[in-house]
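These notes are about the structure you will find just below.
Each value in this text was obtained by applying a stated rule to the coordinates, not by laboratory testing. Bear in mind the structure is a predicted one, so any value in this text is a computation, not a measurement. Neighbour counts are summed over all protein chains in view; Cβ atoms, including those assigned to glycine, are modelled from backbone coordinates with ideal geometry.
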Amino acid sequence: MPSKSRFTRLDAFTKTVEDARIRTTSGGIVTLASLLLILYLVWGEWADYRRVTVAPELIVDKGRGEKMEIHMNISFPRVPCELLTLDVMDVSGEVQTGVMHGVNKVRLGEDGREVGREALELGKEVEESMKHMDPEYCGECYGAPAPGNAIRAGCCNTCAEVREAYASVSWSFGRGENVEQCEREHYSEHLDEQRREGCRIEGGIRVNKVVGNFHFAPGKSFSNGNMHVHDLENYFAGGEGIDHTFSHTIHHLRFGPQLPEDVVRRIGRRGMAWSNHHLNPLDETEQKTDEKAYNYMYFVKVVSTAYLPLGWERTGSILDIPHELVELGGYGKGEAGSVETHQYSVTSHKRSLAGGDGGEEGHKERLHARGGIPGVFFSYDISPMKVINREARSKSFSGFLVGVCAVIGGTLTVAAAIDRALYEGGQRVKKFHSS
């Protein structure tokens, strides 16, 4: 009994006997309303606890020796595939000329429809012609050194090998007249057949993650000293009533893997202005010109961007795996749904290689330089910063419990005050009428 009386003095919740309690209709209504309100607010707290937000962070990109994938889908309606060349180069000194790995050239008819993909190598007829040749045949290189990747060392057995040999010594090749290999493969006939066609480049390339550029230009490319040069003879020659130009449509251009659509939708619902169009601002860009000697340049600033899903813990990174072991299109897709990709901003410039001012663009004070290579050039720079978009709960479980307690306590306190006010008001009205 003494211990009980000791705790009794500490009781902060004094009670009244049942006979001293008064139950009213208004009190019952207030109680029911407060219970419904508590249930609604507790459900809101639960939904808020379950809500996942994306918290952006900006850090210095400390990655070293990484690669980057560039995925593209670009149409050139007035340049045939046989004349179109894709070259890649960067400040590390790495030059990839005539890139084909992971890239398809799709031949387009005059109406823009696909007519075939065989223009990738002009190769089937080459293979057929090689079958009927003397195994000891050694084709002439016409004064140029044989290419190192020739089918037979020291020989030029195909038209492509002769073109490669000419390029190595910076000689113009032309249509291959009087070149036995090209006449056997009907190179000039194939070229004339494609004069009215266009070309769509689709696929991806993997490059060093350093400052560099890739470009689409006509003719075989070769290096002459410190200069990168293209054989433009066939491009400028055109055909009968045909002029080639570098009008183009960029259907899609991105750096790194695509964000899954469900991720884009979730991020969009959370009020962030992030969609694949914001990541890839050049998508659906169209440029037109009627000039042969015309040059388009896009200056791209690439920003590394990571998306880390809820509960993600770093156990390793796909970027740490030798890139040769990762198939094209998979570089940057990590464990548990994480994605290492890139956003970019872009500015563009176009000019006639004949020089002149920018009067047609409303800038007469702007003078264009004379000379250059016709084509479409993309020069990219890598930002030293990295954006990390990390999924996280909007509040912790303890925060949820605190919110529930606040809802219950606050609602009951307000309900008690309302009930007291109704009861006192009713009593005063009764006294007033009785008097």
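Brief remarks on what is shown
- Highest average first, the peptides 331-340, 170-179 ordered by how many other beta carbon atoms sit within 10 Å of their residues are 331-340, 170-179.
- The stretch 18-54 and the stretch 174-220 have their alpha-carbon centroids 74 Å apart.
- Above-threshold pairs, the threshold being 25 Å between Cα atoms, out of LYS333/LYS395; LYS67/LYS301; LYS67/LYS395: LYS333/LYS395; LYS67/LYS395
- For VAL103, nonlocal amide neighbours, meaning residues 5 or more places apart or on other chains whose placed amide H falls under 5 Å from its own, are GLY204.
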